[in-house]
Ligand code: PLP
C-alpha cells in the first residue's frame, strides 16, 4: 500500500519543518491524482449544465453525471441507479430522509431508535423531526470503554409497536467500532421498522453492499473516500422513494409547473432540485474507480491492521486511556493522555508535522456517556504506514515527557 502514496501529491510535504503525517482521515481523506485530474479534465473539456441543454457539452456533462450515478449504484450494489440520490454529503442525506420519509410517515407517539454512538448528523435531524411531529427518541446503549453496541436490549427495544425507524452508524467515528449492520437491519425488518445506515466512515473503507446489509436507506460522503468535498450519496430502496414527497422545490425536479401547483419527476430527480454538483460527481466516479482498483477488502484489511498496530503500541504508553474495541476495529483510534488536554496533544503533534484531531468529534452525547469532554483521535487510510504510527508514538512520548507524565 505504501507505493500508493505517490498517487497523493499532498502527502509529500513538510509541515512545520517535519514530514507530514496525515492521521485525520476520519474527518476527510486526501485525494489521488486520478481524482484531481478527472476534475480538471471535466472542467477543461466537458463543463456545461446537465439535463437542460441540447448542445454537445451539456450532453457530455449529463452523460458524465448520470454515469457517476450508475457507478455509485454498482459500487454499493444497489438494484438500480434510480435508487441513488446525489447530496452534499451524509448530513444532507439524513436530513433528506427526515424531511421527506419522516415528515410523511411519522406521527405523535412514534419512536425513532438511534444508538449512543451516533454522530450529531444522525441525531439532530431526528430531534428536529421529533419536535415537529411529536415522535420520541430512544437509544441503544454503548458498552463502557469497549465501545460496542449493547445488543442485549435490542429485541426488547424493537418489540415496541411505536418504533418506526432505526438509524445507526456502520462504523463509529470516535470508537472505531464496526457495527453488525446486516444483523441490525434484519432484526428491524422482521418488525417492519425502516432502517437507515450512516456509512460515512465505512464507504470507501470496506465493501458496502446495500443488498447484503438489507437497509432501506444508506448515506455517505465523497470527501471521506478520496472524492471531492460537497458531493455525497443517499441510497433509498426503490419502493420507499416512490412514495416520498420532494425534499426541496426548484428546477430539474419537476414534471410540470403551473401557477398554483406542480408535479414531480420520479426518483432520483425528484430529490435533486436545482443545479446538482455534477462536476464533483465526476470526481467521485474517479474516486470509486480508484478504490475499486485497489480493492475494498484490501483497504479494510490495511485499515484494521494499522489500527491494531497503533492500538497495541499506544496501549504500551503509561497513563493513556484508549477508547473503543480492543480488536475488530476500523482505522480509528481515540485516546487521552493523563494530565494532557486533547487539544494540547493535537497542537503539539501538529508542530511535529503529525495531523490528529482533538475534540468531541461531533459525538457530544457519546462523550458524556464516556465521562470525557474530548479525545485525541488518529484515523488511518490505506496510504498510512506503520512508520507513521511509530512517528505518532515518538511524538506522544515526547508530549508526555514535556507535560511531566
Ligand atoms: N456520520 C459520521 C459517522 C461521520 O463521521 C461524519 C463526519 O465526520 C458524518 C456523519 C457527517 O459527514 P458530512 O459532514 O460529510 O456530512
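Only the coordinates and a few stated rules stand behind these numbers; no lab work does. Computed from a predicted structure; not experimentally measured. We place every Cβ from the backbone using ideal geometry, glycine too, and count neighbours over all the protein chains shown.
Observations
- Ranked packing of 324-334, 264-274, most packed first, by mean Cβ within 10 Å: 324-334, 264-274
- Per-residue Cβ neighbour counts within 10 Å put 288, 117, 244 in the sequence 244, 288, 117, beginning with the fewest.
- Placing dummy labels 7 Å off each Cα toward the beta-carbon, the span from residue 191 to residue 328 is 2.2 nm.
- An oblate overall shape is assigned to segment 35-292, the ratio a/c of its alpha-carbon gyration tensor axes (a ≥ b ≥ c) being 1.5 or greater and a/b not exceeding b/c.
- In terms of its C-alpha gyration tensor, segment 1-135 has an oblate overall shape, because the principal axis ratio a/c (a ≥ b ≥ c, square roots of the eigenvalues) is not below 1.5 and a/b does not outweigh b/c.
- Within the chain, percent of DSSP bridges classed antiparallel, to nearest 5: 60
- Set the Cα radius of gyration of segment 115-215 against 2.2 N^0.38 Å, with N its number of residues, and you get 1.04.
- Highest average first, the peptides 98-106, 37-45, 365-373 ordered by how many other beta carbon atoms sit within 10 Å of their residues are 98-106, 365-373, 37-45.
- Stretching residue 397 away from residue 10 to a fully extended chain increases their span by 136.7 nm, per 0.36 nm per residue minus the current alpha-carbon distance.
- Prolate/oblate/rounded call for segment 194-288, Cα gyration tensor, a/c under 1.5 rounded: oblate
- Förster radius 51 Å - calculated FRET efficiency between residue 338 and residue 257, Cβ distance, rounded to 0.05: 0.20
- Using a simple spin-label model with pseudo-atoms 7 Å out from Cα toward Cβ, residue 43 and residue 297 lie 3.8 nm apart.
- Spin-label pair residue 108-residue 34: with each label point 7 Å from Cα along the Cα-Cβ axis, the two points sit 5.5 nm from one another.
- Report summary: the helix-based calculation at 222 nm, which adds -39500 (n - 2.57) for every DSSP H run with n ≥ 4 and divides by the residues of the chain, gives -11000 deg cm²/dmol.
- Taking 0.36 nm per residue of sequence separation and removing the Cα-Cα distance, the residue 66/residue 2 pair yields an extension gain of 19.7 nm.
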